[in-house]
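Undergrad: Structure incoming, see below.
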Amino acid sequence: MGEANSMRNGRGGHKPNRNPRMTVTRSVLLEEGSDTRFRDLLHAIFAFSSQLEAARARFAAFIGLSPAQYMILIAIARLAPQEAGVAQIADRVYLSPAFVTIEINKLVKMGLVIKTPHPSDGRRVVLCTSSQGDQRLAALAEYQRPVNDALFAPLKRQDFVALHRVMTALSAGGDHALAVADFVDGQLRLKKKAG
């Protein structure tokens, strides 16, 4: 009984999670039972994400495009022509295929993207940048280089490699986390109704 009370009160070498406002439970995300560093990390990610969004908006405006059009044009340019279909572009830029299709059609009208039928699949199209699209991206690169260098100036090589690995892993799991959010939201709403 005494040992149980000791454990319940946080003594006996175990610090229970009694904070109802704790935002995570995984031990790898906690320090001495606190989620403070995790929340600090989120604030830093949100702040940097905002700066990246602002830089992206500037890059897009520099070549006369919306941020979404800019991302799509870059994605088309970076994929080999046989891989650059609407679905592949949508996956790469994390936008819906329907939205990407609309924006690609605008880029085609602007003369920045060329759309051709897929050689072996009549339902698909192959996308590539036009010479005008390539020229805009080449002009943009001169602007991007010093800005990107400044944005990532604090990173050493090993930091860059680790950040790439971590961000790739986190972005791959993001959709699952949002599905969990929807599920938990539904469960909590049901619980609130029942209670």
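The values are calculated or read from the model by the stated rules, or taken from the named source; none is laboratory data. This structure is a prediction, so every number in the text was calculated from the model and none was measured. FYI the Cβ positions are ideal-geometry reconstructions off the backbone, even for glycines, and counts take in every protein chain you see.
Undergrad: Can you say whether Gly111 is modelled with pLDDT of 95 or more, out of contact with any Cys (no Cβ under 9 Å at 6 or more places or on another chain) and at positive phi, as far as the supplied structure shows? Give the steps one after another, and end with the answer.
TA: Values: modelled with pLDDT of 95 or more: yes; out of contact with any Cys (no Cβ under 9 Å at 6 or more places or on another chain): yes; at positive phi: yes.
Answer is yes for this residue.
Residues are listed down the side, and each one gets a yes or a no for (1) closer than 25 Å to Leu41 by Cα; (2) basic (Lys, Arg):
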{"residue": "Arg136", "(1), (2)": "no, yes"}
{"residue": "Ala141", "(1), (2)": "no, no"}
{"residue": "Arg157", "(1), (2)": "yes, yes"}
{"residue": "Leu170", "(1), (2)": "yes, no"}
{"residue": "His176", "(1), (2)": "yes, no"}
{"residue": "Leu188", "(1), (2)": "no, no"}
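Undergrad: While we're here: Might you check whether a residue that is under 27 Å from the mean Cα position of the chain (by Cα) and either more than 16 Å from Ala80 (Cα to Cα) or among the hydroxyl-bearing types (Ser, Thr, Tyr) (or both) occurs anywhere in region 116-125?
TA: Taking every residue of region 116-125 in turn, none turns out to be under 27 Å from the mean Cα position of the chain (by Cα) and either more than 16 Å from Ala80 (Cα to Cα) or among the hydroxyl-bearing types (Ser, Thr, Tyr) (or both).
Undergrad: Closer than 16 Å to Leu73 by Cβ and among the basic types (Lys, Arg), is that true of Arg92?
TA: Judged against the criteria, Arg92 is a match.
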